[in-house]
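Trainee: The structure under discussion is supplied below as structure tokens; questions concerning it will follow.
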Amino acid sequence: MLIGIDVGGTYTDGVLFKQGAIIATVKKPTDDMNLKSTLLEVLDELLPSAEGQKIERIVFSTTLVTNLLATGQGERTALIMLPGHGLPHDAYDICPDIFFARGTVDFRGNVIEKLDQKEIDDILARIAAAGIKRVAVAAKFANRNDILEREIQSKLAASYPDISVSISSEISNKLNFPRRAATTYFTAMTVKEWMQFAAEIDQAITERGLDSELHILKADGGTFSLDTSSRRPCETVFSGPAASTMGGLALSQPHLNSVVLDIGGTTSDIALIIDGAPLYASKGARLGKQYTHINAFAVNSVALGGDSCLDYDGEIKVQNFRRGAAACFGGDYPTVTDAFNCKMDLGIGNAGQSAEKLQQLASKAGMKSSELCRQVVNIVIERLVSSIEAMFREWENEPAYKVWEVVNRRKFKLDQIIGIGAAATAIVPQVAARMEVDSFLHDYSPVANALGAAVVRPTLAVELHVDTPNNFFSVGPGGIRGSLNDRGGMQLGEAKNMARQYLLDMCREQGMESYASESSFYMEEQFNIISGWSRSGKIFDVGIQIAPGFISEYKGVSS
Amino acid sequence: MKPTGILFFPAFDWAISPTHPEREERLLYTRDQIFEEGIMDLPQIKEYHPRLAEIRDVARLHFCIPSVEAQIIEAHLVSAGSALVMADAFMQGEIKNAFAIIRPPGHHAMTVSHGNRGFCNINNEAIMIEYLRQKYGIKRVAIVDTDVHHGDGTQEIYWHDPDVLFISFHQDGRTLYPGSGFVEELGGPLAHGTTINLPLAPKTTDAGILYAIDELILPMLEDFKPDIVINSAGQDNHYSDPLANMAFSARGYAELNSRLAPDIAVLEGGYSVETALPYVNMGLIMAMAGIDYSNLREPDYNPSRFKESPRNMEYIKKMVAQQWNAYKNREETIADNRKKSGNFVNYNKSIFYDTEYIYEDQINHLRICQNCGGFRMIESRAHQRTGEHFHVFCISIPANACQQCQEEGRAAYQDMIKKRPFDLLYLQDRVKDDLRIYKVHKDTETVL
Ligand SMILES: [Zn+2]
Ligand SMILES: [Zn+2]
Ligand SMILES: [Zn+2]
């Protein structure tokens, strides 16, 4: 048996899943001040339905880190940046306690300027004097040479053993210094609170006599173990939309180009699935005004949902807020759901109530009720369709760096729209009809988010950079560095094998080796390095991943 | 404030040959630098996606012999198309200015193209300018060629166009490819003074180049009042460039662009792929986006290393004064030329294609018009790299041609179809945007 719990901003959903069927579902309002108790309440309501059978795996998504970042209530953390010579320092407006220091590495990993020992000593003394107990360090091109970051780390360990340090070269091997610095900072400032939360959850599970595997959902639509999560807690942001998108994918057919349209009370989230693979945000998750190296789905949120209320002020308005439930569910005002209910004769809830409240608004507007419904339905459909199409264009217009990418210019060809959320039944078929594609709705659509959490598999992406003339390689995440055995004749195939081996090692370490065989390469670049007029070696960049997908136990849903 | 448009197209899958300076690796470290800096994430920058230029966009400018398709590969269309993307974004008001960091380069490509010259097959900036004229009705254009090599292709293309001010500064042609770009090269008889060359001595520094910008180029732009200013932005004046011998710095390039304030900059040469390009490109992006670049410098930069010699400064000052006069007196000179020339001015030209060892012979005929810059007819013959020999006749009616020039040009094309002494006849009527090729032996006409 599997349990999936999605702690959302408003509601927390949970499902108990066994052999293709959902045995039980629970929905509760989320208590932002006490996420742990909400989580455990939902768990405790699900457990009786298991009737004592073994729960193999519990996966949950949580807004803990999102809330910490939004309210700035993480641990006070100092960020030491070594930006070298480029952008002015005021371009890096990441956090309040920020310190800039000398020391520069270039793109080939050459140290151009050493640390200024006195300057670093002064900065560390100021941090310690301020009572700050956690430090994040980010140097430009630390992904190509981490020596400057390591030096600062050692200095701290020697002089201030009570201060904890995170360094950017361990967080990510990708280019983009501001994103790497921000990700390192966000990791450092949330890790303490996260570890406490994780320990409490772990204890609560043990107290209930469960020996289930415990996983956390990540923004990239995969999971990681509770242990691994304490290394990079900020990867748990935006796991709500990831849960819904993966849930939609779990319910529908794979290998199609789909839009997952999650229609909530006052917002709709749009995600794209391309040939069965969810689309990632090209610049990483955006936290506040800062882009990061956190892999997250590209999600377009529209302020429009089933409960969005309707108004008339010279013209019909679909508002971006709610005044309560839809009329058909006992609300006092007509909503988007009511308009679709009447227009399409859907018989949702008390359809008479829908008609009555709509008629009141129609009289005020001096039009027929049918005309009012027609206008509302049009507004909703057009707003959703234009947001969906904007996402297609954005994907089509991603920068391209090779001739073949431009020549084989991609065009998004939509196959289906997958509807998720309570109001999807009313709205999604109409949007799909307007776009001339199939709509896909499932009985489990309203709990697709929790189902998604229950059945997704762990993910892992490993990036390898090799510079043969410099006899150097680096692997991320984790900040592994080394020199090559045979610097001369390395070919792309060997670099790929090397990346695969590191992926395998990390899989073993994280208890996910059973997925290692499903890895795939998502980046394979090689460049000849010319010195004068002759070849001196190669640079390789290889990326290999276990992409988002489903655990082997999951074979689809019955019915 | 509108953002600066950046189109970064490094063509990571295109090279002239594996060890050639124009190889896949050329913009690799530039990519590393600008990605690592994270400058593309800033709200001051908007990044764009490349597209393919159309065959017509190329044929509007060039006479590709025998056809556009025969002279170029897709990489060229993407590079030229990228300049067009920037042109559209600028004209449609999405951005305040634009920088196309693209390859292959183009400023050595001339009107007639039998092959690759100086790493260039087609001229990206000039294709963009004719596109701007066609699509947006732009009339007057200024091009400042800041590449270390003389922009001989662009100069040849606009040699007779009084509405294009072409200014090139470069390392003296007696010491560097392509061996042209001397002060006396001032443009054709009806466009005299709108081609301006500033051959600079090797080792000229930031101070020398910025003096020419301040004292000559900016006043000329002020006076010429172009509708648009283009920087043909080579980066090989840099002190570390392996193909040239100048002493310009990354900050000097940033300063130059800040003062010049071009509407659109298009990358040309620059072959110091590791020690210059990453920093020069950063400097250009920052300058165009109005980001403070005082913290930018190359790892080995030492401001005291390069000092302009008083003697060279004296030379530059003299040349600036001389060229200012040539520019200032251009209308008198042109009026004079109109009086003393007949109906046509004819001249021969030999063009050498260094990359492919092609020798082209041309006879040019320019109509001396009382109302416009005149139209041009070019007789061209060459043995191409394939061994094939072509003898062609090309008629180019410029975008700002008067009605009579247009009519006479079109009539000349019809006339040649009857006379038939060539393999191929080309008509390029940029006023009507009517582009034709006539295959004499097959008696067929293709309308592009
Ligand atoms: Zn030049
Ligand atoms: Zn050049
Ligand atoms: Zn004329």
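Trainee: Can you tell which of B:GLY118, B:GLY153, B:GLY137 is within 14 Å of ligand 1 (Cβ to nearest atom) and either out of contact with any Lys or Arg (no Cβ under 9 Å at 6 or more places or on another chain) or free of Cβ contacts under 8 Å to residues at least 12 places away in the same chain (or both)? Break it down stepwise before answering.
Mentor: Values: B:GLY153 fails: either out of contact with any Lys or Arg (no Cβ under 9 Å at 6 or more places or on another chain) or free of Cβ contacts under 8 Å to residues at least 12 places away in the same chain (or both); B:GLY137 fails: within 14 Å of ligand 1 (Cβ to nearest atom).
Residue meeting the stated conditions: B:GLY118.
Trainee: Return the pairs, sorted by first residue and then second, in which the second residue is away from ligand 1 (no atom under 11 Å from the Cβ) and open to solvent by 10 Å² or more (accessible area, probe 1.4 Å), the first residue lies in the range B:223-240 and is within 14 Å of chain A (Cβ to nearest Cβ), the beta carbons are less than 7 Å apart, and the residues are 6+ apart or on different chains.
Mentor: Within 7 Å, the pairs are B:SER240/B:THR275.
Trainee: Now for a separate question. Just one of B:LEU190, B:LEU186 is more than 14 Å from chain A (Cβ to nearest Cβ), within 16 Å of ligand 3 (Cβ to nearest atom), over 27 Å from B:PRO21 (Cβ atoms) and buried (at least 19 other Cβ atoms within 10 Å of the Cβ); which is it?
Mentor: Details: B:LEU186 fails: within 16 Å of ligand 3 (Cβ to nearest atom).
Answer to the selection: B:LEU190.
Trainee: Among the residues of the range A:1-48 satisfying the criterion of being over 27 Å from the mean Cα position of the chain (by Cα) and farther than 23 Å from A:ASP202 by Cβ, which is most open to solvent (accessible area, probe 1.4 Å)?
Mentor: A:GLN19
So that you can scan it fast, the table gives a plain yes or no per residue for (1) surrounded by 14 or more Cβ atoms within 10 Å (Cβ to Cβ); (2) part of a strand (DSSP E or B); (3) within 16 Å of ligand 3 (Cβ to nearest atom):
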position	(1), (2), (3)
B:ALA321	no, no, no
B:ASN325	no, no, no
B:THR333	yes, no, no
B:SER350	no, yes, no
B:ASP361	no, yes, no
B:GLY373	yes, no, yes
B:MET377	yes, yes, yes
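Trainee: Continuing with the same structure: Just give me the residues in the range B:127-155 being within 16 Å of ligand 2 (Cβ to nearest atom) and not in a loop (DSSP other than H, G, I, E, B), in sequence order.
Mentor: Here is the first cut: in the range B:127-155, the ones within 16 Å of ligand 2 (Cβ to nearest atom) are B:143-155.
Correct list: B:ILE143, B:VAL144, B:ASP145, B:ASP152, B:GLY153, B:THR154, B:GLN155.
Trainee: Sticking with this one: Would you tally the residues in the range A:86-125 being open to solvent by 20 Å² or more (accessible area, probe 1.4 Å), within 14 Å of chain B (Cβ to nearest Cβ) and within 19 Å of A:ARG179 (Cβ to Cβ)?
Mentor: 6
Trainee: Moving to a separate point now. B:ASP429: more than 16 Å from ligand 1 (Cβ to nearest atom) and more than 22 Å from B:ILE127 (Cβ to Cβ), yes or no? Outline the logic, then answer.
Mentor: Numbers: more than 16 Å from ligand 1 (Cβ to nearest atom): yes; more than 22 Å from B:ILE127 (Cβ to Cβ): no.
It is false that B:ASP429 is more than 16 Å from ligand 1 (Cβ to nearest atom) and more than 22 Å from B:ILE127 (Cβ to Cβ).
Trainee: Checking the condition assigned by TED's automatic domain parsing to the domain that holds B:TYR279 and touching a Pro at 6+ places or on another chain (Cβ under 8 Å), which residue from B:PRO43, B:PRO10, B:PRO66, B:PRO18 passes? So that I can check it myself, show each step before the final result.
Mentor: On the way: B:PRO10 fails: touching a Pro at 6+ places or on another chain (Cβ under 8 Å); B:PRO66 fails: touching a Pro at 6+ places or on another chain (Cβ under 8 Å); B:PRO18 fails: touching a Pro at 6+ places or on another chain (Cβ under 8 Å).
Exactly one residue qualifies, and that residue is B:PRO43.
Trainee: Let me ask something additional. Look at B:CYS394 and say whether it is away from ligand 1 (no atom under 16 Å from the Cβ), closer than 16 Å to B:ASN364 by Cβ and outside any strand (DSSP E or B).
Mentor: Details: away from ligand 1 (no atom under 16 Å from the Cβ): yes; closer than 16 Å to B:ASN364 by Cβ: yes; outside any strand (DSSP E or B): no.
Here the answer is no, as B:CYS394 does not meet what is asked.
Trainee: For the range A:492-506, indicate whether the set of residues that are in contact with a Lys or Arg (Cβ under 9 Å, 6 or more places away or on another chain) and without any contact (Cβ under 8 Å) to a residue 12 or more places away in the chain is non-empty.
Mentor: The initial filter retains those residues of the range A:492-506 that are in contact with a Lys or Arg (Cβ under 9 Å, 6 or more places away or on another chain), namely A:492, A:495.
Narrowing the set further to residues that are without any contact (Cβ under 8 Å) to a residue 12 or more places away in the chain leaves none.
No: zero hits.
Trainee: Another question, then. Restricting the search to the range A:435-458, which residues are among the β-branched types (Val, Ile, Thr) and in a helix (DSSP H, G or I)?
Mentor: The initial filter retains those residues of the range A:435-458 that are among the β-branched types (Val, Ile, Thr), namely A:437, A:447, A:455-456.
Within the range A:435-458, A:VAL447, A:VAL455 qualify.
Trainee: A follow-up question, please. Testing B:SER168 on (1) over 27 Å from B:TRP324 (Cβ atoms); (2) within 16 Å of ligand 2 (Cβ to nearest atom); (3) in contact with a Leu (Cβ under 8 Å, 6 or more places away or on another chain), one condition comes back false. Which one is that?
Mentor: Condition not satisfied by B:SER168: (1).
Trainee: Related question: Could you list all residues from the range B:156-184 that are in a strand (DSSP E or B) and away from ligand 1 (no atom under 13 Å from the Cβ)?
Mentor: The first filter runs over the range B:156-184 and keeps only residues in a strand (DSSP E or B), leaving B:164-171.
Within the range B:156-184, B:VAL164, B:LEU165 qualify.
Trainee: Any residue at all in the range B:340-348 that's of a type in the set (Lys, Arg), touching a residue at least 40 places away in the same chain (Cβ under 8 Å) and either outside any helix (DSSP H, G or I) or away from ligand 1 (no atom under 16 Å from the Cβ) (or both)? Quick ask: steps written out before the conclusion?
Mentor: First, the residues of the range B:340-348 that are of a type in the set (Lys, Arg): B:340.
Checking the rest, the ones that are also touching a residue at least 40 places away in the same chain (Cβ under 8 Å) come to none.
Scanning the range B:340-348, I find no residue that is of a type in the set (Lys, Arg), touching a residue at least 40 places away in the same chain (Cβ under 8 Å) and either outside any helix (DSSP H, G or I) or away from ligand 1 (no atom under 16 Å from the Cβ) (or both), so the answer is no.
Trainee: Moving to a separate point now. Here are the criteria: (1) surrounded by 24 or more Cβ atoms within 10 Å (Cβ to Cβ); (2) within 16 Å of ligand 3 (Cβ to nearest atom). Tell me which single one B:GLN171 does not satisfy.
Mentor: It is condition (2) that B:GLN171 fails.
Trainee: Mind listing whichever residues of the range B:249-274 are more than 16 Å from ligand 2 (Cβ to nearest atom) and within 11 Å of another protein chain (Cβ to nearest Cβ)?
Mentor: B:ALA250, B:ARG251, B:GLU274
Trainee: Given the criterion among the small types (Gly, Ala, Ser), surrounded by fewer than 16 Cβ atoms within 10 Å (Cβ to Cβ) and in a helix (DSSP H, G or I), identify the matching residue among A:ALA199, A:ALA204, A:ALA242. Steps first, please.
Mentor: Details: A:ALA204 fails: surrounded by fewer than 16 Cβ atoms within 10 Å (Cβ to Cβ); A:ALA242 fails: surrounded by fewer than 16 Cβ atoms within 10 Å (Cβ to Cβ).
Going through A:ALA199, A:ALA204, A:ALA242 in turn, just one is among the small types (Gly, Ala, Ser), surrounded by fewer than 16 Cβ atoms within 10 Å (Cβ to Cβ) and in a helix (DSSP H, G or I): A:ALA199.
Trainee: Hey, among the residues in the range B:65-85 that are more than 13 Å from every other protein chain (Cβ to nearest Cβ) and crowded, with 24+ Cβ neighbours inside 10 Å, which one's nearest to B:GLU130 (Cα to Cα)? Working first, answer last.
Mentor: Taking the range B:65-85 first, the residues more than 13 Å from every other protein chain (Cβ to nearest Cβ) are B:65-71, B:83.
Retained after the next criterion (residues that are crowded, with 24+ Cβ neighbours inside 10 Å): B:65, B:68, B:83.
Working: B:ILE65: 19, B:VAL68: 16, B:ALA83: 12 Å.
Across the range B:65-85, the extreme among qualifying residues is B:ALA83.
Trainee: Does A:ALA158 qualify as being within 14 Å of another protein chain (Cβ to nearest Cβ) and of a type in the set (A, V, I, L, M, F, W, C)?
Mentor: Numbers: within 14 Å of another protein chain (Cβ to nearest Cβ): no; of a type in the set (A, V, I, L, M, F, W, C): yes.
Spelling it out, it is not the case that A:ALA158 is within 14 Å of another protein chain (Cβ to nearest Cβ) and of a type in the set (A, V, I, L, M, F, W, C).
Trainee: Sticking with this structure for a sec: Report yes if B:GLY373 is touching a His at 6+ places or on another chain (Cβ under 6 Å), within 19 Å of B:ILE157 (Cβ to Cβ) and more than 16 Å from ligand 2 (Cβ to nearest atom), otherwise no. Full working, then the answer.
Mentor: Values: touching a His at 6+ places or on another chain (Cβ under 6 Å): yes; within 19 Å of B:ILE157 (Cβ to Cβ): yes; more than 16 Å from ligand 2 (Cβ to nearest atom): yes.
It is true that B:GLY373 is touching a His at 6+ places or on another chain (Cβ under 6 Å), within 19 Å of B:ILE157 (Cβ to Cβ) and more than 16 Å from ligand 2 (Cβ to nearest atom).
Trainee: Take the conditions surrounded by fewer than 19 Cβ atoms within 10 Å (Cβ to Cβ), closer than 23 Å to A:GLY86 by Cβ and within 13 Å of chain A (Cβ to nearest Cβ) and apply them to B:PHE12. Does it pass?
Mentor: On the way: surrounded by fewer than 19 Cβ atoms within 10 Å (Cβ to Cβ): no; closer than 23 Å to A:GLY86 by Cβ: yes; within 13 Å of chain A (Cβ to nearest Cβ): yes.
The answer is no for B:PHE12.
Trainee: What residue, of A:ALA432, A:ALA461, A:ALA426, is in a helix (DSSP H, G or I), in contact (Cβ under 8 Å) with a residue 60 or more places away in the chain and within 30 Å of A:GLY9 (Cα to Cα)?
Mentor: Unique residue meeting the criteria: A:ALA426.
Trainee: Which of (1) within 13 Å of chain A (Cβ to nearest Cβ); (2) in contact (Cβ under 8 Å) with a residue 12 or more places away in the chain is the odd one out, the single condition B:ASN295 does not satisfy?
Mentor: (2)
Trainee: Can you give me the ranges of the strands (runs of 3 or more DSSP E) entirely in the range A:249-310 with at least 1 residues that are surrounded by fewer than 21 Cβ atoms within 10 Å (Cβ to Cβ)?
Mentor: On the way: elements: A:258-263, A:268-274, A:299-302.
Filter on the range A:249-310 gives A:268-274, A:299-302.
Trainee: If you don't mind, another one. Need the failing condition index for A:ALA157 against (1) closer than 24 Å to B:GLU274 by Cβ; (2) among the hydrophobic types (A, V, I, L, M, F, W, C); (3) surrounded by fewer than 16 Cβ atoms within 10 Å (Cβ to Cβ), just the number.
Mentor: Unmet condition: (1).
Trainee: Pairs under 7 Å by beta carbon, first residue touching a residue at least 40 places away in the same chain (Cβ under 8 Å) in the range A:143-164, partner open to solvent by 50 Å² or more (accessible area, probe 1.4 Å), six or more apart or different chains?
Mentor: Listed by first residue and then by second, the contacts come to A:ASN143/A:LYS174; A:ASN145/A:VAL111; A:ASP146/A:ARG481; A:ILE147/A:VAL111.
The values are calculated or read from the model by the stated rules, or taken from the named source; none is laboratory data. Since the structure is predicted, the reported quantities are computational estimates derived from the model, not experimental observations. No Cβ is skipped: glycine too gets one built from the backbone with ideal geometry, and neighbour counts run over all protein chains shown. All accessible areas refer to the heavy atoms of the entire protein, side chains included, with ligands and DNA or RNA removed. Shrake-Rupley method; radii C 1.70, N 1.55, O 1.52, S 1.80 Å.
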